[in-house]
Structure formats: C-alpha cells, structure tokens
Amino acid sequence: MRWIALACIAMTASARADDSDRDPSRLEVGATLAVFASYPMSIEDPGGGVFAARPLWLGERYRFFQWVLDAHALVGFGTDSHHGHLALGPRAGFDLFLGSVFGFELRFGVAGVAQVGHRTVGGFGIGGGGAYVFRFWDDDRRRVKLAFSMLGGAYFADDPGNDLAANAGQFAIGLAYETPY
C-alpha cells in the first residue's frame, strides 16, 4: 500500500512539473508610445516609455481561457513637461486563446503612480490594459504582443485650476515580447 501511495505522489509531482501553462516564470518587456496627464492641470504630455509585466499566478489553462494575476510596471518620459512618469501595481484578468497562433488578453487593477521632475508628485490610479497576442513558436509561453494600457487616477497634491477630480493618467500603445526565464 505504501508503494502505491508513493507512486501516486510521484505521478502527481511529474504531472505538475510538465504543466508549463501554469508556470509563472516568464517576463514580458516592451516599448510604448504614450500620452501622460502631467501635473498640474492634467496637461497632455506625449512621450514614450518601457513597460514590464510578470505573472504572479496563472489559473488552470483551458482550451480557450486562462485566469491571470500579474504585476505591471510602466516607466515613461513626457517630452513637453520633461518629467518622468511611473505606474506600478497588480492586475487581474484573463487570456483568450482564439486558435493556435492568435489570442487576446485583458487585465484590470490598481497602481501607484508618480510624476518625477521639478514638480514631483505621487498618487494612485485605476486602470487596465490588454493585448493582441501572437504565438509563433512551439513553446506557448513565447509571445509577441500589440499591447495597450490606460490609467486614470489622482495625485496627492492640490490642483485648484483643474476641474476634474482625476489629475493623473496615461494611455499607451506599444509592442512587447514575453518569454520564459
């Protein structure tokens, strides 16, 4: 009886080891064109940036669907204000697999945000993002993405000339590559 229990444990462990669809050891990196809301007054501030995401948890992979919890970071630079813009936080969502090559993903979450420069302020935001996903390789964890993200929020600073309660934000679109590590 003891040998049967050990064999069952060994089979379960080897099945988990082969479950690469749930392995969060992967990293997504990308470059983006972005528009930031620059403090004060939420002035439009076009620029560029880089972003990275890492899965924290991956749900069971079904044929067309998988739940995901990830950490996402965006670091950008506004060309008009000459400020750096940061956003970092967890996001939850799902991946849709619409065939062997094409898919779509969608994520929502909260983030800490900051504008860094001669008017440095910090705050919080709520937003989301997604991507059109292309899987050209045999390893399903390697992907190329056309990604977008949006975030709206508020800085912890007085902004009396702004009629909106939200004075922080960003919209970005770019290309990304995801790979296991």
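The numbers here are math on the coordinates, done by the rules we state, and not lab data. The model shown is predicted, which means the values in this text are computed figures rather than measured ones. Every residue, glycine among them, receives a Cβ derived from its backbone with ideal geometry; neighbour counts consider all protein chains shown.
Would you mind checking which residues have amide H under 5 Å from Tyr155's amide H? H placed 1.01 Å from N; only 5 or more apart, or other chain.
Those lying under 5 Å, H to H, from Tyr155 are Asn167, Ala168.
Sequence-distant or interchain residues sharing an amide H contact under 5 Å with Leu56, placed H: which?
Under 5 Å from the amide H of Leu56 lie the amide H atoms of Leu69, Asp70, Ala71, each far enough along the sequence or on another chain.
Please turn the phi angles of the range 37-42 into ³J(HN,Hα) values with the Karplus equation 6.51 cos²θ - 1.76 cosθ + 1.60 (θ = phi - 60°), one per residue in order, whole Hz, x for glycine and proline.
8, 8, 7, x, 6, 6
Let's see if you can work this out: charge +1 on each Lys and Arg Cβ, -1 on each Asp and Glu Cβ, no other charges. What is the dipole magnitude of the range 124-181 about its Cα centre, in debye to the nearest 20?
Details: 5 positive and 7 negative charges, 73 e Å.
The calculation lands at about 360 debye.
Through the Karplus equation 6.51 cos²θ - 1.76 cosθ + 1.60, θ set to phi - 60°, convert the phi angles of the range 54-64 into ³J(HN,Hα) values in whole Hz; use x for Gly and Pro.
9, x, 9, 7, 10, x, 4, 7, 9, 4, 10
Report the label-to-label distance for Val101 and Asp138 in nanometres (one decimal), using points 7 Å from each Cα along the Cα→Cβ vector.
Distance between label points: 1.8 nm.
From the residues Leu58, Val116, Leu86, which one has its Cα farthest along the dipole of the range 22-180 in the positive direction, the dipole being from +1 and -1 charges on Cβ of Lys/Arg and Asp/Glu about the Cα centre?
Working it through, the farthest residue towards the positive pole turns out to be Leu58.
Over all Cα pairs of the chain, how is the pair count split among 10 Å bins, expressed in % and running from 0 up to the last occupied bin?
10, 34, 26, 17, 8, 4, 2, 0
What list of ³J(HN,Hα) couplings, whole Hz, do you get for the range 72-85 from phi and the Karplus terms 6.51, -1.76, 1.60, once you set θ to phi - 60° and write x for glycine and proline?
Once rounded to whole Hz, the list reads 10, 9, 10, 10, x, 9, x, 6, 7, 8, 6, 10, x, 10.
Which whole-number percentage describes the relative contact order of the chain, with Cα contacts under 8 Å and a sequence gap of 6 or more? All intermediate terms of the calculation are to be shown ahead of the outcome.
Numbers: 485 pairs, mean separation 38.4, N = 181.
Relative contact order of the chain: 21 percent.
Charges at C-beta only: +1 for Lys and Arg, -1 for Asp and Glu. How large is the resulting dipole of the chain about its Cα centre, in Debye rounded to 20? Spell out each step's value before the answer.
Numbers: 15 positive and 19 negative charges, 128 e Å.
Roughly 620 debye, rounded to the nearest 20.
Determine, for each peptide in 73-83, 110-120, the mean count of other beta carbons within 10 angstrom over its residues, then list the peptides with the highest first. Write out the running numbers ahead of the final one.
Values: 73-83: 18.5, 110-120: 16.6.
The packing order, highest mean first, is 73-83, 110-120.
At 222 nm, what value in deg cm²/dmol follows for the chain if DSSP H runs of at least 4 each add -39500 (n - 2.57) and the sum is divided by all its residues, to the nearest 500?
Details: 1 runs with 16 residues, N = 181.
The per-residue figure over the chain is -3000 deg cm²/dmol.
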